[in-house]
Amino acid sequence: MNLDVTYPRRKTVTCRVGSVSMGSDHPVVVQSMITEETRNIQACVEQIVALAREGCEIVRVTTPSLGEASCLEEIKAKVREAYRDVPMTADVHHQGSAIAVEAARFVEEIRINPGLFVFKRHGTRGEEVKQAGYDFRGRAEEATVEDLRAELAYRPEEWDAEVAAVEEALVPVIEACKRHDRAMRIGVNHGSLSERMLVTYGDTPEGMVESAIEYLKLCERHGFTNLNISAKASRVQVMLSANRLLVKRMNEEGMAYPLHLGVTEAGDGQYARIKSTAGIGTLLAEGIGDTIRVSLSEDPANEIPVCYEILQALGLRKTQVEYIACPSCGRTKFNLPIVLNEVRNATRHLKGLDIAVMGCIVNGPGEMADADYGYVGAAGGKITLYRKREVVKNGIPQEKGVEELIALLKADGLWQDPPAGQEPRKTTPLGMVGG
């Protein structure tokens, strides 16, 4: 029986953001966004460097006006001087054409939001549809909504005029991106669809997707394809639906652009991490997604470990040790949480290894079969070390277990000393319990 139920990764073209390439031929890229005001140049530099040191590969900076866009040149230079070159994205929103053109002189990517890029209000048509109760699945809660949509619908000449206005504003940005060899992210948000899309499709994933497709077609019309796209929402169900539909629509249009995944406004703490993982991880497991951001209402540096842990759990990037540990039971021969922490503390700086910490011989060799090394409890306060399924050494006193594991890693040429400030703690017999 074939037990392989993994999805193949969706095939995409490559989008280049400076020195970083994203798409199916490349590892999934980790992103974040700084929270400092862009005019506070030194604070921005420090936060960008801190993110890059954590492993962030593209950093987004808010650019709401020409004043902030002009700050990007100095920020880039100071980051390069303080650390190294870090690919940056200028986040452009309202009336963004001139701002985006200026920002493209200095940073590697421009992110525009189709719902806000051409900020032109024609009235309150979209709000009327929302208030009438058009829910996120595109199903009218009241029969009158369909009548209201028909009444407020855009006439063909109105629609064409708005598309022409979008194109007029977008072409200078396209030309600036081509001139400076920049990327563009078309970033659609569920909460900021244009009035035209709200009236036509409702507050739905369909509206998000058609908004994105419209901009992609305009870019292609003008010969620009260094693109990636996002369809984000604060509700996981909406985010999942929008991205799945976006893939379907791109396939229909013969497009294969990389996707940036994220759940917006996830909040903070454990629930925000679970919510983000539910959305991002589900799509990645389906083969969808080429770059990710976990949006937390915390220090943005906290986002990066969550990103890498999602990718590691799905086998998409191996950036740290994978620890396999049993949940412990009455057969366990040592205090498993304490011993697991001792092993982790001693080896957490290594990369690319699977290390199992198992409480007894029953769970040991079988359950840890895929691990590179095993640390298994035995009777009489002893432990046994394994390499794969092979017993390397047994009868080791528990207080010497971590020391012997390090010696084995050194003998196999896999040990590296931890970086300064991350020295392993000395192990003690704290993990011992009665044999």
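The values are calculated or read from the model by the stated rules, or taken from the named source; none is laboratory data. Everything numeric in this text was worked out from a predicted model, so none of it was measured. Because the Cβ atoms are built from the backbone with ideal geometry, glycine has one as well, and the counts that use them run over all protein chains shown. These area figures cover heavy atoms from the full protein model, side chains too; ligands, DNA and RNA do not enter into them. Shrake-Rupley method; radii C 1.70, N 1.55, O 1.52, S 1.80 Å.
The table for this structure:
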{"read-out": "Candidates Thr277, Thr319, Thr264 - the one that is among the polar types (S, T, N, Q) and closer than 27 Å to Thr225 by Cα", "value": "Thr264"}
{"read-out": "Those residues of segment 350-364 which are surrounded by fewer than 19 Cβ atoms within 10 Å (Cβ to Cβ) and touching a strand residue (DSSP E or B) at 6+ places or on another chain (Cβ under 8 Å), in sequence order", "value": "Leu353, Asp354, Ile361"}
{"read-out": "Flag if Leu284 is in contact with a strand residue (DSSP E or B) (Cβ under 8 Å, 6 or more places away or on another chain), open to solvent by less than 10 Å² (accessible area, probe 1.4 Å) and in a helix (DSSP H, G or I)", "value": "no"}
{"read-out": "Qualifying residue in segment 392-403 (condition: modelled with pLDDT of 90 or more, assigned to a strand (DSSP E or B) and out of contact with any Ser or Thr (no Cβ under 9 Å at 6 or more places or on another chain))", "value": "yes"}
{"read-out": "Matching residues in segment 237-274 - criterion: being open to solvent by less than 30 Å² (accessible area, probe 1.4 Å) and of a type in the set (Val, Ile, Thr)", "value": "Val238, Val247, Val263, Thr264"}
{"read-out": "Test for Gly315: is it surrounded by fewer than 22 Cβ atoms within 10 Å (Cβ to Cβ), modelled with pLDDT of 90 or more and not in a helix (DSSP H, G or I)", "value": "yes"}
{"read-out": "Complete set of residues in segment 78-97 that are open to solvent by 10 Å² or more (accessible area, probe 1.4 Å) and at pLDDT below 95", "value": "His93, His94, Gln95, Ser97"}
{"read-out": "Segment 159-179 residues that are over 21 Å from Asn226 (Cα atoms), paired with ones that are polar (S, T, N, Q) (beta carbon under 9 Å, 6 or more apart)", "value": "Trp159/Thr200; Glu162/Ser194"}
{"read-out": "Pairs with Cβ under 6 Å, 6+ apart, first in segment 373-395 and more than 15 Å from Ile406 (Cα to Cα), second part of a strand (DSSP E or B) and open to solvent by 70 Å² or more (accessible area, probe 1.4 Å)", "value": "Gly381/Met432; Gly395/Lys382"}
{"read-out": "Criterion violated by Val294 - all others in (1) in a helix (DSSP H, G or I); (2) within 30 Å of Glu220 (Cα to Cα); (3) of a type in the set (Val, Ile, Thr) satisfied", "value": "(1)"}
{"read-out": "Subset of segment 202-244 (residues that are in contact with a strand residue (DSSP E or B) (Cβ under 8 Å, 6 or more places away or on another chain) and assigned to a helix (DSSP H, G or I))", "value": "Pro205, Met208, Val209, Ser211, Ala212, Tyr215, Leu216, Cys219, Val236, Met239, Ala242, Asn243"}
{"read-out": "Qualifying residue in segment 318-335 (condition: in contact (Cβ under 8 Å) with a residue 60 or more places away in the chain, open to solvent by 30 Å² or more (accessible area, probe 1.4 Å) and over 20 Å from Gly352 (Cα atoms))", "value": "yes"}
{"read-out": "Boolean, Ser21 is among the polar types (S, T, N, Q), surrounded by fewer than 17 Cβ atoms within 10 Å (Cβ to Cβ) and in contact with a strand residue (DSSP E or B) (Cβ under 9 Å, 6 or more places away or on another chain)", "value": "yes"}
{"read-out": "Pairs where the first residue, in segment 53-78, is touching a residue at least 60 places away in the same chain (Cβ under 8 Å) and the second is part of a helix (DSSP H, G or I) and open to solvent by 10 Å² or more (accessible area, probe 1.4 Å), C-beta under 7 Å, 6+ apart", "value": "Glu54/Ala301; Gly55/Tyr308"}
